[in-house]
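Notes follow once the structure below has been shown.
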Amino acid sequence: GDSVTQMEGPVTLSEEAFLTINCTYTATGYPSLFWYVQYPGEGLQLLLKATKADDKGSNKGFEATYRKETTSFHLEKGSVQVSDSAVYFCALTEEAGYQKVTFGTGTKLQVIP
Amino acid sequence: NAGVTQTPKFQVLKTGQSMTLQCAQDMNHEYMSWYRQDPGMGLRLIHYSVGAGITDQGEVPNGYNVSRSTTEDFPLRLLSAAPSQTSVYFCASSYEAIYGYTFGSGTRLTVV
């Protein structure tokens, strides 16, 4: 079945540091890929998405590129802020059927001033 | 504001009690889902619906029931609460999954 693997957290960075959170996936078809963000005490929010190979999703300074050859969708940001502290979830959905979403286990990011 | 509304935000139940977690969306989304979030386990799908009158089981359906009588509402019923059901529950809806899901703010449930 489908699966998503994220790097273990927590990740602690200083403000203005470069961020990479790794995500790899296993899927039988041609999935769409997502990053969601969860701030403390809140639900998940869609951060960015990509629906086909080589697509780049971007939002709020975050970027991720759909790499079919390496089955990866790594999240990057050039300069993190304290306000980026949150849990980040990588996810995929297949094209067919119910379009069930498969989530990774989440990576907690803490940015210190 | 448009979105997914969950009630209550917090609930404490005694073992064996039943309750209903409410979920409503005003975006005319066909797809709705219930997830539970537990530390270190990400989100696990409990039940889902692809439209009014149509529901199906997800990964962890035991101990939960759902119904979908309208497009807007998708309540989750705990039949006889157990401590293992202590968790944070999220409802989510989508026009189509490839566009991403909109999540509610969650219900934190404790079963003692």
Proximal aspartates and glutamates relative to A:LYS108, as straight alpha-carbon distance under 12 Å, when same-chain residues fewer than 8 apart are discounted: A:GLU8, A:ASP84
Spatial separation of Cα centroids for region B:1-66 and region B:91-112, in angstrom: 7
Number of partner chain Cβ atoms within 10 Å, mean per residue of A:36-43: 4
Neighbourhood charge, 15 Å Cβ-Cβ cut-off, centred on A:ILE112 and excluding it, Lys, Arg +1 and Asp, Glu -1: -2
Cβ neighbours within 10 Å from other chains - mean over A:44-53: 3
Isolated Cys in the protein assembly as shown, by beta carbon distance under 4.7 Å: none
Aspartates and glutamates whose Cα lies under 13 Å from that of A:LYS77, excluding same-chain neighbours fewer than 8 positions away: A:GLU15, A:GLU16, A:GLU63
Local net charge near B:GLU59, Cβ-Cβ under 13 Å (Lys/Arg +1, Asp/Glu -1): 0
Anchor A:LYS68: aspartates and glutamates whose Cα lies under 19 Å away (excluding residues fewer than 8 positions away in-chain): A:ASP2, A:ASP54, A:ASP55, A:GLU76, A:GLU94, A:GLU95
Local net charge near A:GLY43, Cβ-Cβ under 14 Å (Lys/Arg +1, Asp/Glu -1): +2
B:ALA2/A:GLN110 FRET efficiency (R0 30 Å; Cβ-Cβ; nearest 0.05): 0.45
Other protein chain Cβ atoms within 10 Å, averaged over every residue that makes up B:92-102: 6
Tail fraction, Cα-Cα pairs, chain A, threshold 20 Å, whole percent: 36
Added length on full extension, which subtracts the Cα-Cα distance from 0.36 nm per residue, B:VAL12 to B:SER69: 17.8 nm
Efficiency of FRET between A:ALA53 and B:ILE98 - r from beta-carbon atoms, R0 25 angstrom, step 0.05: 0.95
Whole-Å distance, taken between Cα centres, linking region A:44-113 and region A:1-43: 5
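Every number here is computed from the coordinates shown, using simple stated rules; none is lab data. Bear in mind that the values here come from a model prediction, so they are computed numbers and not experimental data. Virtual Cβ from ideal backbone geometry, glycine too; neighbours counted across all protein chains shown.
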